[in-house]
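Only the coordinates and a few stated rules stand behind these numbers; no lab work does. Quick caveat: nothing in here was measured; it's all calculated off a predicted structure. Using ideal geometry, Cβ is built from the backbone for each residue, glycine included, and neighbour counts are taken over all protein chains shown.
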Amino acid sequence: MSKSLILKILSGVLLLLVLITGIIVFRTLQVSHEMPDVEQVRYDDIDVHGAVKRLSQGLQFRTISTQELSFLYRPEFDFFLDFVVDSYPGIHRTFKREIVNGYTILYKWEGRYAELPAAMFQGHYDVVPVEPGTEDDWTYPPFAGTVAEGFVWGRGAIDDKSGIFSYLEAFEYLIEQGYEPERTIYLALNHDEEIGGRNGARKVADLLLEREIDIDFLVDEGMPVVEEILEGLEHPIAMIGVAEKGYVSVELEIHKEGGHSSMPPRESTIGSLSIAIINLKENPMAGRFVGLLRETFHPIVPDLPFIYRMALSNLWLFGGIIEDRLGYIPHTNAALRTTTSPTMFNAGIKENVIPQTARAVINFRIHPSDSVSEVVEFVRSTIENDQISVRVLEGAREPSPISSSTSEPYLAMKHSIHQSFEGVPVAPAMFLAATDARHFPEVTDNLLRFRPIRARPEDRGRIHGTDERIGIDNFGEMITFYINLIKNTTGNSDYVISE
Ligand SMILES: [Zn+2]
């Protein structure tokens with residue numbers, strides 16, 4: 001090869017490298033902030049002291065949802081309903097109140113213009129039980145509603161009594177101020193979210209459908225204001241859950257000849273089923289850094305350290321690396337793909353008997369780009385064993401539709417977050433657990449799952465766990481946010497959104 005040819009090739013490669021580096025740097029520098037300049041809107045005359053007292057009292061009712069023993073706590077539910085009536089006289093005077101199925105409250109605040117599609121707010125006042133044996137681990141007793149160290153402590157402080165009490169405080173405040181909505185408002189306080197919502201939210205949804213009520217959007221519990229979500233990211237981010245994952249449990253079962261464990265066969269039921277489970281765990285369904293997940297990252301990219309910013313703004317080159325990284329962390333992995341978790345394994349009755357049957361249950365949380373039937377097909381093809389039967393258990397649910405993040409209700413919520421939380425960007429995201437909103441896709445397209453609760457990484461274990469608590473300052477922010485949201489969505493026949 002001649003010298004000049006080598007030089008030509010070298011300079012070509014060099015040029016290509018410079019070009020690629022140029023594109024990477026250009027795209028990295030191109031990402032910029034979208035934080036609009038929104039004026040903060042606060043209310044000095046909110047009675048935070050009184051609000052904290054009412055929340056504290058509300059936490060003392062043992063409105064516990066348990067799968068079998070729910071009747072045990074029924075008197076507590078009745079007392080709670082009376083407590084709401086007594087504590088919010090303005091609401092009781094102004095709203096129409098309907099009790100659905102004995103315990104769910106459905107309030108209606110008639111708007112000035114009946115022809116406008118209605119607004120709806122929803123939450124739940126039932127709570128999960130405190131795991132027996134962990135009562136003494138709590139810093140303050142779980143049903144005492146203790147106010148201490150700047151927090152209100154108790155089961156339900158996060159999920160979801162602070163949510164419904166901040167709605168109630170916001171509405172009571174607006175009534176006292178002489179506020180009149182233009183759009184009709186529904187407020188549902190549900191009683192069985194923690195066990196699936198079939199008797200509360202489902203019945204409310206059926207009722208609204210039956211009455212052909214036009215609901216423009218539904219606000220429900222959901223994602224928080226997340227602090228310290230990623231290393232190097234200094235400010236919090238508010239996430240609005242616009243979708244929920246689907247759900248399916250698959251039962252695997254295998255039968256073989258049993259026998260004495262002194263002469264074990266080459267293949268046993270336990271062995272074959274274990275191999276199948278290992279195959280499923282080691283080969284999860286594909287993860288994709290596309291669509292909603294990309295949108296979630298979009299507003300935080302500008303504030304990330306350079307290396308992340310570079311990777312995230314050059315997905316054409318680093319997409320695969322990003323998917324791998326996200327796949328390692330449990331909560332980002334859950335947003336990336338359909339997750340696989342073996343939850344039950346049963347086989348054997350005696351130490352020296354080879355079991356004839358082995359059975360396992362694998363629980364999948366389905367990503368919006370997959371479906372129940374795709375998961376089942378995936379299970380069959382991954383285990384590659386005709387001896388193992390595959391059965392779908394009851395309760396399977398497809399992933400929810402994805403609500404728009406450019407709709408007017410979404411934008412009004414975003415605007416209200418900016419008004420109430422300074423310097424906090426907003427992103428649409430997928431809610432990884434389930435809410436009562438699952439019963440409402442036929443009622444409205446705009447399902448907005450958001451609670452303005454500040455959540456640090458260490459708070460994750462408090463939800464449904466020990467030492468559940470809400471910051472008093474944060475509770476004040478929640479009330480402020482809902483006042484702003486109600487005004488921005490119902491104060492005018494047009495939604496108030498950022499410029
Ligand atoms: Zn909840």
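Remarks
- Distant alpha-carbon pairs in segment 429-496 (separation over 16 angstrom), percent: 65
- Put a plus charge on the Cβ of each Lys and Arg, a minus charge on the Cβ of each Asp and Glu, and nothing anywhere else: the dipole of the chain about its Cα centre is then about 1560 debye.
- Simple Cβ-charge dipole of segment 126-273, Lys/Arg +1 and Asp/Glu -1, about Cα centre, in debye nearest 20: 620
- The residues neighbouring R74, those whose beta-carbon lies less than 12 Å from its own, together hold a net charge of -3 under the Lys/Arg +1, Asp/Glu -1 convention.
- Dividing the helix sum by the residues of the chain, where each DSSP H run of 4 or more adds -39500 (n - 2.57), gives a mean residue ellipticity at 222 nm of -11500 deg cm²/dmol.
- Shown in residue order for segment 296-307 are the 3J(HN,Hα) couplings computed by the Karplus curve 6.51 cos²θ - 1.76 cosθ + 1.60 at θ = phi - 60°: 4, 6, 3, x, 9, 3, x, 9, 7, x, 3, 5 Hz (x for Gly and Pro).
- Kirkwood Rh in Å, taken over the chain so that all alpha-carbon pairs contribute: 25.3
- Across the alpha-carbon atoms of segment 351-390, the computed radius of gyration and Dmax are 13.8, 46 angstrom.
- Qualifying trypsin sites (Lys or Arg not before Pro) in segment 292-357, where qualification requires a DSSP coil assignment and no more than 14 other C-beta atoms within 10 Å, comprise K350.
- With a simple spin-label model that places each label point 7 Å from the Cα along the Cα-to-Cβ direction, the separation between N279 and N492 comes to 6.1 nm.
- Unit charges at the beta carbon, dipole of the chain: most positive-side option, M263, P330, N279: M263
- Above 16 Å, the calculated P(r) of segment 364-413 contains 56 percent of its Cα-Cα pairs.
- Amide proton proximity set for G222, modelled H, under 5 Å, gap of 5+: F450, R451
- Relative contact order (%) - criterion: Cα under 8 Å, at least six apart; region: segment 244-392: 46
- Couplings 3J(HN,Hα) of segment 344-352, computed from phi: 9, 8, 10, 6, x, 10, 8, 5, 10 Hz, in residue order, whole Hz [Karplus 6.51 cos²θ - 1.76 cosθ + 1.60, θ = phi - 60°; x for Gly and Pro].
- Per-residue 3J(HN,Hα) values for segment 146-151, derived from phi via the Karplus relation 6.51 cos²θ - 1.76 cosθ + 1.60 with θ = phi - 60°, read 5, 9, 7, 6, x, 10 Hz in sequence order (x marks Gly and Pro).
- Within the straight-line cut-off of under 23 Å between alpha carbons, the lysines reachable from K256 are K350, sequence neighbours fewer than 8 places apart in one chain being disregarded.
- Our summary gives the chain a relative contact order of 25 percent, counting only alpha carbon pairs under 8 angstrom and 6 or more residues apart.
- The orientation-averaged projected area of the convex hull spanned by the Cα atoms of segment 303-406 comes to 11.0 nm².
- Restriction of the GluC sites (Glu not before Pro) in segment 295-394 to DSSP coil positions whose beta-carbon has at most 11 other beta-carbons within 10 angstrom yields E351, E384, E394.
- R288-S373 FRET efficiency (beta carbon distance; Förster radius 22 Å; 0.05 resolution): 0.75
- Whole-number D in µm²/s for segment 217-362 (Stokes-Einstein; Kirkwood sum over Cα pairs; 37 °C, 0.692 mPa s): 174
- Sum of side-chain charges, V242 neighbourhood, beta-carbon under 13 Å (Lys, Arg +1; Asp, Glu -1): -1
- Taking a Cβ cut-off of under 12 Å around S493, the surrounding Lys, Arg, Asp and Glu residues balance to a net charge of -3, with basic ones at +1 and acidic ones at -1.
- Projecting the Cα atoms of I240, I64, V361 onto the charge dipole of the chain, computed from C-beta unit charges around the Cα centre, puts V361 farthest toward the positive end.
- Axial C-alpha extent at least 30 Å, average Kyte-Doolittle at least -0.5 - helices from the chain (DSSP): 3-30
- Cross-linked pairs K53/K96; K245/K487; K414/K487: Cα-Cα separations exceed 22 Å for K53/K96; K245/K487.
- A cut-off of 5 Å between modelled amide H atoms, ignoring neighbours fewer than 5 places along the same chain, links T339 with R365, H367.
- Segment 26-138 - charge dipole about Cα centre, Lys and Arg +1 at Cβ, Asp and Glu -1, debye rounded to 20: 440
- Working ranking of peptides 340-348, 442-450 by packing, defined as the average number of other Cβ atoms within 10 Å per residue, highest first, is 442-450, 340-348.
- Packing around the peptides 285-291, 233-239, taken as the average count of other Cβ atoms within 10 Å per residue, puts them in this order, highest first: 233-239, 285-291.
- FRET efficiency estimate (nearest 0.05) - Cβ-Cβ, I20 to F83, R0 45 angstrom: 0.10
- The H on the amide N of S498, modeled in the peptide plane, is under 5 Å from the matching H of H415, each at least 5 residues off or on a different chain.
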